[in-house]
Amino acid sequence: MKKIAVLASGNGSNLQAIIDATRGGRIRDARICLVISDKKNAYALERARRCNLPVRVFLHQDYPTRDAYDRALVACLQGEGIDLVVLAGFMRLVTPYFVGAFPGRIMNIHPSLLPAFPGTRGVADALEYGVKVTGVTVHFVDEGMDTGPVILQEATSVYDDDTEESLAARLHAIEHRLYPKAIDLWVRGKIKIVGRRCLLDD
Ligand code: GRF
């Protein structure tokens, strides 16, 4: 049974999708052992508590540097014996130390087809650029911003009457399917990283 930690800063709808998938059998042989947030009022924490999952809050202001912050996070995750770290709207770039502590074992989800539109404005940037197709990317985390090997992607059209809200809602619906699928692939040992490529043995 693999142990998963989910890190989230906000609403936590992806956290909820992953909880539901572990409990509904769409992610097999894994359970969420810990939910961590950097915001004490994150709704993600409320969702976790309602599902009786242990939560921890790590506030930035309690640590003198980003490195000290990440060292505390890593110590906590290693102390719990976490196998896979899942970033689900965790609005903080992790340090090389963090990445090195969990090689090939940190995932992130991003609301665009990377490498297009990295960063915190993936939905708005795609809309403003005028692309006709955008989507969702699940990827491993490396030391860059949204630059790690791509695990899964799914596209959606951008319609003339789309707003940031309507497009984000469609992307969220994709995310809630795609993230559990990627996690399940990892848990079952179906992802082989070769250079920048993730080869899926499914
Ligand atoms: C998602 O759109 C995800 O792609 C991005 O942050 C958002 C988190 O949403 N990384 P939620 O908190 O899971 O609802």
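If you check Arg26 against the conditions, is it surrounded by fewer than 20 Cβ atoms within 10 Å (Cβ to Cβ), out of contact with any Pro (no Cβ under 7 Å at 6 or more places or on another chain), modelled with pLDDT of 95 or more and of a type in the set (Lys, Arg)?
So Arg26 fails the test.
Scan the range 25-48 and tell me whether some residue there is part of a helix (DSSP H, G or I), without any contact (Cβ under 8 Å) to a residue 60 or more places away in the chain and away from the ligand (no atom under 15 Å from the Cβ).
Within the range 25-48, not a single residue is part of a helix (DSSP H, G or I), without any contact (Cβ under 8 Å) to a residue 60 or more places away in the chain and away from the ligand (no atom under 15 Å from the Cβ).
Testing Glu165 on (1) more than 21 Å from Tyr43 (Cβ to Cβ); (2) more than 11 Å from the ligand (Cβ to nearest atom); (3) over 13 Å from the mean Cα position of the chain (by Cα), one condition comes back false. Which one is that?
All conditions are met except number (1).
Take the residues of the range 168-202 that are more than 17 Å from the chain's Cα centre (by Cα) and among the basic types (Lys, Arg): which is surrounded by the most Cβ atoms within 10 Å (Cβ to Cβ)?
Per the stated criteria, the residue is Arg170.
How many of the residues making up the range 96-117 are of a type outside the set (Phe, Trp, Tyr) and surrounded by 19 or more Cβ atoms within 10 Å (Cβ to Cβ)?
Result for the range 96-117: 11.
Loosely packed, with under 14 Cβ neighbours inside 10 Å and either modelled with pLDDT under 95 or among the β-branched types (Val, Ile, Thr) (or both): does that describe Thr120?
It is true that Thr120 is loosely packed, with under 14 Cβ neighbours inside 10 Å and either modelled with pLDDT under 95 or among the β-branched types (Val, Ile, Thr) (or both).
Hey, does the range 68-78 have a residue that's in a helix (DSSP H, G or I), surrounded by 15 or more Cβ atoms within 10 Å (Cβ to Cβ), within 12 Å of the ligand (Cβ to nearest atom) and touching a residue at least 60 places away in the same chain (Cβ under 8 Å)?
No: zero hits.
Kindly indicate which of Val99, Val86 is outside any loop (DSSP other than H, G, I, E, B), more than 12 Å from the ligand (Cβ to nearest atom) and closer than 18 Å to Trp186 by Cα.
Just a single option satisfies the conditions, and that option is Val99.
For the range 114-125, which positions are of a type outside the set (Lys, Arg) and within 12 Å of the ligand (Cβ to nearest atom)?
Leu114, Phe117, Pro118, Gly119, Thr120, Gly122, Val123, Ala124
The values are calculated or read from the model by the stated rules, or taken from the named source; none is laboratory data. Please read these numbers as outputs of a predicted model, since none were measured by experiment. When we count neighbours, we look across all protein chains shown, and the Cβ atoms used for this are built from the backbone with ideal geometry, even at glycine.
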